[in-house]
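Written below as structure tokens is the structure these notes are about.
The values are calculated or read from the model by the stated rules, or taken from the named source; none is laboratory data. Because the structure is a prediction, the values reported are computed rather than measured. Glycine gets a Cβ as well: all are built from the backbone with ideal geometry, and neighbour counts include every protein chain shown. The protein model used for the area step is the full one, side chains on, heavy atoms only, and it has no ligands, DNA or RNA in it. Shrake-Rupley method; radii C 1.70, N 1.55, O 1.52, S 1.80 Å.
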Amino acid sequence: MLVTRPAGRGDSLVSLLEQGGAAVENRPLTRLVLVSGPEVDLARERLAAGEYTHLVVTSRTAVEALSSAEAPAETPVGVPPCTQVVAVGEGTAAALAAVGIRADVVASGSGAALVEEMPTASTARTSRVLFPASGAASPTVPEGLRAKGYRVDQVTVYRPEPADLPEASAQALRTGGYSAIVLTSPMIARRAAAIGIHPSTAILTIGDPTSEAVREAGLTVTLQAEEPTDAALAAVVVRALDLGP
């Protein structure tokens with residue numbers, strides 16, 4: 001089967017799948033590029049100065065961008081006590097903890113759940129959110145929080161860029177050489193669909209936005225993970241490929 005996560009993002013999932021008995025090939029269809037510049041620097045400064053009531057983080061890559069991942073010798077960005085840190089799920093909370101930032105709120109794993117779990121803001125003047133995000137981020141979180149009365153500063157801290165499959169892997173995907181493919185973002189889903197996925201290949205997705213992108217490409221989702229975690233993804237692979245005992 002084929003896992004298509006960006007480099008450095010698929011190891012945990014691959015390990016779980018191999019433990020479950022799957023033969024896995026890990027071939028990224030995107031790469032994640034950190035963004036630097038005045039906007040990111042200003043956001044970091046404002047965060048450290050306590051100008052935000054909330055820091056909302058929805059990916060490990062956003063954590064890396066905020067904590068100077070490109071310069072490990074630097075001290076990670078400070079988050080003052082007056083700022084509440086909100087993580088989208090346990091994986092993001094763990095990434096924050098690894099750079100010395102404690103998540104005050106850990107949502108159940110999706111942007112929609114995060115928005116639902118946030119209380120209505122008192123006023124936009126006193127409820128200001130920093131949302132460091134991908135350049136291809138879904139509008140679910142910022143739009144949902146604004147609808148609840150928050151002032152949201154969305155700052156692009158990384159961008160996904162296309163990565164090409166080796167021709168042998170692309171040919172195998174088109175001709176049924178893989179029993180299944182795991183798709184973990186709308187961009188990855190669109191990239192895979194453009195290459196071509198054989199009808200015999202099970203298509204397994206991490207959540208609603210990715211499934212929607214699959215359907216928009218004219219393909220059928222075989223199974224969607226019950227929650228956007230590696231464990232849930234591995235579980236649907238086991239079900240789809242009948243790898244259970």
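Considering only residues that are touching a helix residue (DSSP H, G or I) at 6+ places or on another chain (Cβ under 6 Å), without any contact (Cβ under 8 Å) to a residue 40 or more places away in the chain and open to solvent by 50 Å² or more (accessible area, probe 1.4 Å), which ones fall in region 220-245?
The answer is 224, 226.
Determine which member of the set 16, 34, 42 is within 19 Å of residue 241 (Cα to Cα) and among the aliphatic types (A, V, I, L, M).
Of the residues listed, the single one that is within 19 Å of residue 241 (Cα to Cα) and among the aliphatic types (A, V, I, L, M) is 16.
So is residue 134 in contact with a Lys or Arg (Cβ under 9 Å, 6 or more places away or on another chain) and not aliphatic (A, V, I, L, M) or not?
yes
Restricting attention to region 143-176, which residues are in a helix (DSSP H, G or I), of a type outside the set (Gly, Ala, Ser) and open to solvent by 30 Å² or more (accessible area, probe 1.4 Å)?
Of everything in region 143-176, those that are in a helix (DSSP H, G or I), of a type outside the set (Gly, Ala, Ser) and open to solvent by 30 Å² or more (accessible area, probe 1.4 Å) turn out to be 143, 146, 167, 171, 174, 175.
Looking for whichever is out of contact with any Leu (no Cβ under 8 Å at 6 or more places or on another chain), at pLDDT 90 or above and of a type in the set (A, V, I, L, M) here; the options are 105, 115. Which one fits?
Sole residue among the options that is out of contact with any Leu (no Cβ under 8 Å at 6 or more places or on another chain), at pLDDT 90 or above and of a type in the set (A, V, I, L, M): 105.
Pairs please, first residue from region 1-25 and over 21 Å from residue 162 (Cα atoms) and in contact (Cβ under 8 Å) with a residue 60 or more places away in the chain, second anywhere and among the small types (Gly, Ala, Ser) and crowded, with 20+ Cβ neighbours inside 10 Å, Cβ atoms under 7 Å, 6+ apart in sequence or on different chains.
If the second residue must be among the small types (Gly, Ala, Ser) and crowded, with 20+ Cβ neighbours inside 10 Å, the pairs left are 16/234; 17/234; 20/234.
Can you name the residue in region 10-46 that is open to solvent by 70 Å² or more (accessible area, probe 1.4 Å) and farther than 27 Å from residue 66 by Cβ and, of all such residues, is modelled with the highest pLDDT?
Per the criteria, the residue is 27.
Kindly establish whether residue 103 is touching a residue at least 12 places away in the same chain (Cβ under 8 Å), touching an Asp or Glu at 6+ places or on another chain (Cβ under 6 Å) and surrounded by 15 or more Cβ atoms within 10 Å (Cβ to Cβ).
Against the criterion (touching a residue at least 12 places away in the same chain (Cβ under 8 Å), touching an Asp or Glu at 6+ places or on another chain (Cβ under 6 Å) and surrounded by 15 or more Cβ atoms within 10 Å (Cβ to Cβ)), residue 103 does not qualify.
Could you list, in sequence order, the residues of region 199-216 that are buried (at least 16 other Cβ atoms within 10 Å of the Cβ) and in a loop (DSSP other than H, G, I, E, B)?
Selection gives 201, 206, 207.
Under the condition of being outside any loop (DSSP other than H, G, I, E, B) and β-branched (Val, Ile, Thr), which residue from region 111-142 is surrounded by the fewest Cβ atoms within 10 Å (Cβ to Cβ)?
Of everything passing the filter in region 111-142, 140 is surrounded by the fewest Cβ atoms within 10 Å (Cβ to Cβ).
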